[in-house]
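Okay, structure first, notes after.
The values are calculated or read from the model by the stated rules, or taken from the named source; none is laboratory data. All figures in this text were calculated on a predicted structure; none of them were measured in a lab. Every residue, glycine as well, gets a Cβ built from its backbone with ideal geometry; the counts of neighbours run over all protein chains shown. Accessible surface is based on the protein model in full, side chains and every heavy atom, while ligands, DNA and RNA are left aside. Shrake-Rupley method; radii C 1.70, N 1.55, O 1.52, S 1.80 Å.
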Amino acid sequence: MTVEDREQTQTVRLSVLGMRCAGCVGEVEGALRAVPGVASADVNFADHTAMVRGDADVDALKLAVKEAGFEAAVMEGLEDDISGQEELEEARYQSLLLKAKVAAYLGVPLMLGAHFNWFPELGTVGGARFWGIVSALTLCVMYYSGGHFYQGAIKSFKLRQANMDTLIALGTGAAWFFSTAAIDFSDILPSGSNHAYFEAAAIILAFINLGSALEMKARGKTSSAIRQLIGLQPRTARVVREGQEIDVPIADIGLGETLRVRPGEKIAVDGMVLEGHSSIDESMLTGESIPVEKSEGAEVIAGTINGNGSFLFKATRIGRDTLLAHIISSVRQAQASKPEIARLVDKVASVFVPVVVGIAAFTFLVWLIFGPSPSLGYAFVTAMTVLVIACPCALGLATPISIMVSVGRAAQKGILIRNGDALQSAGKLTCVVLDKTGTVTEGKPSVSSVEAAEGYEIDGVLRLAASLETGSEHPLASAIIAEADKRGLERLPIQSFNAVLGRGVQATIEDHAVLLGNQAFMDENKVDCGELSERVKVLAKQGQTPVLLAADGKVIGLVAVADPIKADSASAVAKLKQLGVRVLMVTGDNQATAQAIAALAGITEVRAQVMPQDKAEVVKELQARGEIVGMVGDGINDAPALAQANVGFAIGTGTDIAIESGDVVIMKGSITKVVDAMELSRATVLNIKQNLFGAFIYNTLSIPIAAGLLYPAFGLLLNPMIAGAAMAMSSVTVVTNANRLRSQ
């Protein structure tokens, strides 16, 4: 989807209530995608949300979800009431715990009584009365502790679908009906089959509710990163209105308003410093802990934390336009997106439950026909165990829970991963293409040296050069002027200014004809460079750009300008090579400068004098050779190459970041973050594989065992209550394993 496409569609985030397994994901996605105007819909089972893109009516979306058997509510961006959401989740957690306790209060005594033969037998007068009361109590417990499962199963049945609720309802419902029938018809049941399984129904519900509660508690940790981001913005800010400083809600701040920030406060909105000086902790933005100095004219970002100073700033971006809002939106979209492996798992999960029901029915028939006496009892127990143990919760959680944790962890490090495919692919890169300016280098040229010919002073040379460059818009001009200002040199008035494209500038200063430009410019004007000619060659080989200054036909000095490499570029390149990644630098600069910069960064492969529009062709060429390519660029000029690459890393800083340009956005322009993203990707993919392996192995092994595979050889049958506990704990295990990524 192009940037233009995104601008023409809206993204609605829904909170979906009632999802209890991976099968529910397919049902909700199918219902949403059937709504007219929906371009795409992705449901995240890990945090029970749906991201819907398109121009569909919100009420139609909620109605579609409701008709599918679930409830939906629209979630707003930064306006989400986080404390209210946490209270709601805590209430759900406590409710599940209470349901588990109620079921356990009945199930545990029944289980102990059955083990120690405390209760009267079925088929007796006392037994009929006692078990009749137990049947009624169990029904009440099933209504309270399992009502949500039965309601879900009924809704799914009406839609001709099946999910986890179907399995639980069939398993526990069959246990209750069989046991209740056994009270009055125990005499016609096969010998040994006249047994009540009320304790199994209750204990299963206790374990499943407990597992859901523990899973919810563990899942809450996965969204801690997004919660921290949302919690960064203060609820109020101090605004200067009519000469008075007043505290107002964030929503009441208007564009262009002046705000006061006091020591230790959070910045409320994006803006520009008008007055004052301070240092600001921007670790939420860049992942770097060192505070950044801010003075008049500097940009400040919402959510960052002020140090000991106080200053005034003008609001330039508010509400959903702030960088913090864009970061949160990006993180949420990435957490809701599905990499290829997740889409495959969803397809498997959608057919899993019907297959399990078929296996349970087959198991029942095999035991009924070929099982030992009492065959009906064995058939019933094994079929119920298969239904209970096979719930695909762990399978549905395996991928999204890892994606959620990883994307949140990346955001904390100053890395925005915009989609799940990028997270899955980043660790597979075999080649990384680096832009030079602003990626390997600082992107801010500065004067590296000033040299004067014999008989002239260095400050005099720099003063004349800065005076000439005052009228120029060339990138080198700002570097020369900044250096002159730094040294306190006043600029001289100029006349007859003229800029020659690609060559230099010329003007008259104090009745002298002065030229400033490259060697070719001097040659064209027949200026003898004399002793400085060799210096020009030496400086060019070092990756610097020498600019010659001449007055009245004679060279009087030169100013060398360089774009220094970033402090960590060389170490980042070394780390990429350690990961087995081929590193290539592509730049539009000349060969000599490119080679010099590459040598400083430890890069051996260089493509120079490549235009921005041709960088994509370089990426295509590498891909044609079988390379999996990552492109690292500024996100604007390199957009075609970023789009062509398998993973595009857009380099950006502060509010100038081009969030829409790459698959991964590096908030601070450091190549080291590319290494971090690759390592996190590899750890995430490994974590997902661990989760899927555990979930698949669990179901692959547990279903045959539950069906009685070990009985002929070892006489072992799996108890339905143990099956319920194992099923619940498998989900908790997956969530716990995913949370290990938080320390990555």
Taking R491, R33 and ranking on accessible area (1.4 Å, protein atoms only), highest first, one gets R33, R491
Residues K66 and Y105, FRET efficiency given R0 of 25 Å [Cβ-Cβ distance, rounded to 0.05]: 0.15
How much length is gained on full extension from F693 to S571, taking 0.36 nm per residue of separation minus their Cα-Cα distance? 40.3 nm
Net charge dipole size for the stretch 415-557 [Lys, Arg +1 and Asp, Glu -1 on Cβ; Debye, nearest 20]: 720
Sorted by accessible surface (1.4 Å probe, heavy atoms of the protein chains only), largest first, H277, H148 come out as H277, H148
Send over a whole-number figure in Å² for the accessible area per residue of the stretch 399-448, probe 1.4 Å. 24
Residue-span extension gain [R742 to I458] - 0.36 nm each, minus C-alpha spacing: 96.8 nm
For E293 and D321 in the same chain, what is the full-extension length gain: residue separation times 0.36 nm, less their Cα-Cα distance, in nm? 7.7 nm
Between A643 and E531, what FRET efficiency follows from the Cβ-Cβ distance if R0 is 35 Å, with the result rounded to 0.05? 0.10
Going by the alpha-carbon gyration tensor, a ≥ b ≥ c the square roots of its eigenvalues, is the stretch 547-592 rounded (a/c under 1.5) or, if a/c is not under 1.5, prolate (a/b greater than b/c) versus oblate? prolate
Peptide ranges 417-430, 436-449 listed from the most packed, as the mean C-beta count within 10 angstrom indicates: 417-430, 436-449
In nm, give the distance between the simple-model label positions of T258 and V74, each being 7 Å from the Cα along the Cα-to-Cβ direction. 3.8
Using DSSP to call loops (not H, G, I, E or B), can you name the GluC sites (Glu not before Pro) in the stretch 521-573 whose Cβ has at most 12 other Cβ atoms within 10 angstrom? E531
Compare E679, E605 by solvent-accessible area with a 1.4 Å probe and give them largest first, with all protein chains kept in place. E679, E605
Please compare each pair in K444/K577; K266/K566; K566/K620; K428/K577; K436/K575; K541/K566 to a cut-off of 25 Å on the Cα-Cα distance and tell me which ones are over it. K444/K577; K266/K566; K566/K620
In nm, to one decimal, how far is the modelled label at A128 from the one at I154, with both set 7 Å along Cα→Cβ? 3.1
Can you pull the Rg over Rh of the stretch 447-557, Cα-only, Kirkwood? 0.92
